[in-house]
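Visitor: Take a look at the following structure, please.
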């Protein structure tokens, strides 16, 4: 779990579906249970964007991580996750707690100073190619 340390702290979220500084959106990453898990709390002051809680755990089978996602709409999902200190990926391509109507992936790149993560969520419907869903970037606050 130690490789995830660069994520720990508080971040401001910026999205492509809302003008900069028009939405109060924050994410906080913090350790839980003696560092065995990383919690990701997100709060978004926008009706179409849910608040969320993620529990990130090591995945011994893949050498990566699993992100257990829960949000204020009652949505529950499981993403495979990688983070190499520079590139952060999340991927959901198979049914988990809900049917899979579409696949999702996020790719974010940490800036050279470690204070930003520029990323994009993509979506793929059955039989189609990946397409941009929305941009989602992070700016470190602490």
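Taken together, the values in this text are just the output of simple stated rules run on the coordinates, not laboratory data. The structure displayed is predicted, hence computed values, not measured ones.
Visitor: If you wrap a convex hull around the Cα atoms of region 34-92, how much volume per residue is inside, in Å³?
Guide: 109 Å³
Visitor: Using just the alpha carbons, could you tell me how many Å³ per residue the convex hull of the chain encloses?
Guide: 120 Å³
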